[in-house]
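The structure under discussion appears below in the form of structure tokens.
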Amino acid sequence: MTPPALEVRDLHKRYGDLEVLKGVNLTARDGDVISILGTSGSGKSTLLRCINLLENPHQGQILVAGEEMKLKPGRDGALVAADNKQINRLRANIGFVFQNFNLWPHMSILDNIIEAPRRVLGHRKADAIAAAELFLEKVGIADKRHAFPAQLSGGQQQRAAIARTLAMQPRVILFDEPTSALDPEMVQEVLSVIRALADEGRTMLLVTHEMGFARNVSSQIVFLHQGQVEEIGTPEQVFDNPVSERCKQFMSSHR
Ligand SMILES: Nc1ncnc2c1ncn2[C@@H]1O[C@H](COP(=O)(O)OP(=O)(O)OP(=O)(O)O)[C@@H](O)[C@H]1O
Ligand SMILES: [Mg+2]
């Protein structure tokens, strides 16, 4: 059987004395769309950030397409890369879309998109541009290729950020509240792009407060509570028949 696109085993993370992740397990098979729900501070962002090593976990394993990230204890006790080359290769397979887009402000949209494929993947400029234009087309902002981020609306900037992620041809894409920073009228255009990615079979982890969308787009829902997976199941199970008391409360307060 092919290994899962992404597997997280017993992931722990703490900030000082505060244990934020207390042994999280998660498996995303190819084509899975997993939405991660939970109250503020439950550890959703920390989980995504640890998966991509934007934060260093203290314990646990992360496997990308069956290959385990080689980690070793660093000076402060958190796990750091034991083999930079391997970690960079695996990290390139994990796209990350941030709440605040994180585009480089001094670069055109096109340059934002071709930067990592050229630097990290070593693609030729002409090839990177050709690919970028296809992705811009796909997210519906081909006409903005020469604009700078500040000249775009929030929804357009987020779609550019998604195109930038796609250009790396990641195995998995992590979204951390991709529509939370947007004006209400722009939420839908970004959700439509994410929906289209789900429909083409992309593997994604999505932290969102858009409950209707999560229910609709996800193959699985994970409810995180105080750094642990409190409930996991299909959207029908978790939204309609949650087992855990806390998940029930959460669902009833988010209708
Ligand atoms: N860099 C940090 N230093 C110290 N504590 C942190 C840091 N980042 C997060 N925390 C703490 O870790 C806990 C989990 O935070 P996290 O951002 O993962 O929550 P979240 O579920 O994403 O919440 P939200 O829905 O508000 O985005 C919180 O108690 C938070 O205060
Ligand atoms: Mg968060």
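The values are calculated or read from the model by the stated rules, or taken from the named source; none is laboratory data. Quick caveat: nothing in here was measured; it's all calculated off a predicted structure. Cβ sites come from the backbone with ideal geometry, for glycine too, and all protein chains shown count toward neighbours.
Some notes on this structure:
- Total residues in the range 28-45, condition among the hydroxyl-bearing types (Ser, Thr, Tyr), closer than 25 Å to Ala92 by Cβ and within 8 Å of ligand 2 (Cβ to nearest atom): 1
- Restricting the first member to the range 151-169 and to residues that are among the polar types (S, T, N, Q) and assigned to a loop (DSSP other than H, G, I, E, B), and the second to residues that are modelled with pLDDT of 95 or more and surrounded by fewer than 24 Cβ atoms within 10 Å (Cβ to Cβ), the beta-carbon pairs closer than 7 Å and six or more apart or on different chains are Ser153/Met186.
- His225, sole failed condition from (1) farther than 27 Å from Asn102 by Cβ; (2) free of Cβ contacts under 8 Å to residues at least 60 places away in the same chain; (3) not polar (S, T, N, Q): (2)
- The number of residues in the range 175-214 that are more than 16 Å from ligand 2 (Cβ to nearest atom), touching a strand residue (DSSP E or B) at 6+ places or on another chain (Cβ under 8 Å) and in contact (Cβ under 8 Å) with a residue 40 or more places away in the chain comes to 4.
- You will find that of Val207, Val238, Val172, the residue that is crowded, with 21+ Cβ neighbours inside 10 Å, more than 17 Å from the chain's Cα centre (by Cα), aliphatic (A, V, I, L, M) and closer than 27 Å to Leu54 by Cβ is Val238 and no other.
- Considering the range 175-204, and only residues there that are outside any helix (DSSP H, G or I), within 14 Å of the chain's Cα centre (by Cα) and not polar (S, T, N, Q), the residue that is nearest to Glu7 (Cα to Cα) turns out to be Met204.
- If the condition is being within 15 Å of ligand 1 (Cβ to nearest atom) and either under 16 Å from Glu68 (Cα atoms) or under 18 Å from the mean Cα position of the chain (by Cα) (or both), then the range 14-33 contributes Leu21, Val24, Leu26.
- Residue count, the range 205-224 (criterion: part of a helix (DSSP H, G or I) and not small (Gly, Ala, Ser)): 5
- Residue selected from the range 221-237 under the condition aliphatic (A, V, I, L, M) and farther than 15 Å from His209 by Cα, by the criterion nearest to ligand 2 (Cβ to nearest atom): Val229
- First in the range 99-123 and without any contact (Cβ under 8 Å) to a residue 60 or more places away in the chain, second anywhere and within 16 Å of ligand 1 (Cβ to nearest atom), Cβ under 9 Å, 6 or more apart: Asn102/Phe96
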